[in-house]
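Engineer: Next up is a structure, given as C-alpha cells.
Derivation of every value follows stated rules applied to the coordinates shown; laboratory data play no part. Computed from a predicted model, the values in this text were never measured in an experiment. Don't worry about glycine lacking a Cβ; one is built from the backbone with ideal geometry, like all the others, and counts go over all protein chains shown.
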C-alpha cells in the first residue's frame, strides 16, 4: 500500500482516470457496434449515418489518449471501405 501522500494521490488520480477511460472505450465500442450492425443489414445509408456518428467519438478517444490515433484511422478507413463496397454490391 502507498506510504506517502503523493503516492496516495496518484492512486486516486489513476482510479478516476481508469473509470473515465473505461467509459470512453465502452462508448466507442457501442458506436462501432452500431456501424457493424448497419453494415450487416446491408443498408448503405444507415451504415453511413452510423459511421458519421461514430467518427467524432473515435477521434475524441484518440485525442484523449484512450486509443492510438493510427488505430482509429485504420478502423475508420476499413469501415468506410466496407460501406462503400455495400453500394457497389447494390448497384451490381
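Engineer: Consider a paramagnetic label point 7 Å from the Cα of residue 71 along Cα→Cβ; state which residues of region 2-24 have an amide N under 14 Å from it.
Structural biologist: Residues 21-24 fall inside that zone.
Engineer: Expected output is a single nm value to one decimal: the length gained when fully extending between residue 10 and residue 64, i.e. 0.36 nm times separation in residues minus the C-alpha distance. What is it? Before the final figure, lay out the partial values.
Structural biologist: Values: separation 54, 0.36 × 54 = 19.44 nm, distance 1.88 nm.
Difference between extended and current length: 17.6 nm.
Engineer: Here's something else I'd like to know. Direction-averaged shadow area of the convex hull around the Cα atoms of the chain, nm²?
Structural biologist: Values: hull surface 27.3 nm².
Reported value for the Cα convex hull: 6.8 nm².
Engineer: How much length is gained if the chain between residue 53 and residue 37 is pulled fully straight, taking 0.36 nm per residue apart and subtracting their Cα-Cα distance, in nm to one decimal? List each step's numbers first, then the result.
Structural biologist: On the way: separation 16, 0.36 × 16 = 5.76 nm, distance 1.37 nm.
Answer, rounded to one decimal: 4.4 nm.
Engineer: Now for a separate question. First obtain the Kirkwood hydrodynamic radius of region 44-92 from its Cα pairs, then insert it into the Stokes-Einstein equation at 37 °C and 0.692 mPa s, and state the resulting D in µm² per second as a whole number. All intermediate terms of the calculation are to be shown ahead of the outcome.
Structural biologist: Numbers: Rh = 11.4 Å.
D, rounded to a whole number, is 287 µm²/s.
Engineer: For region 1-55, evaluate the Debye formula with one uniform point scatterer on each Cα (no solvent term) and list log10 I(q)/I(0) at q = 0.15, 0.20, 0.24, 0.25 Å⁻¹, rounded to two decimals.
Structural biologist: So the normalised log intensities work out to -0.55, -0.70, -0.84, -0.87.
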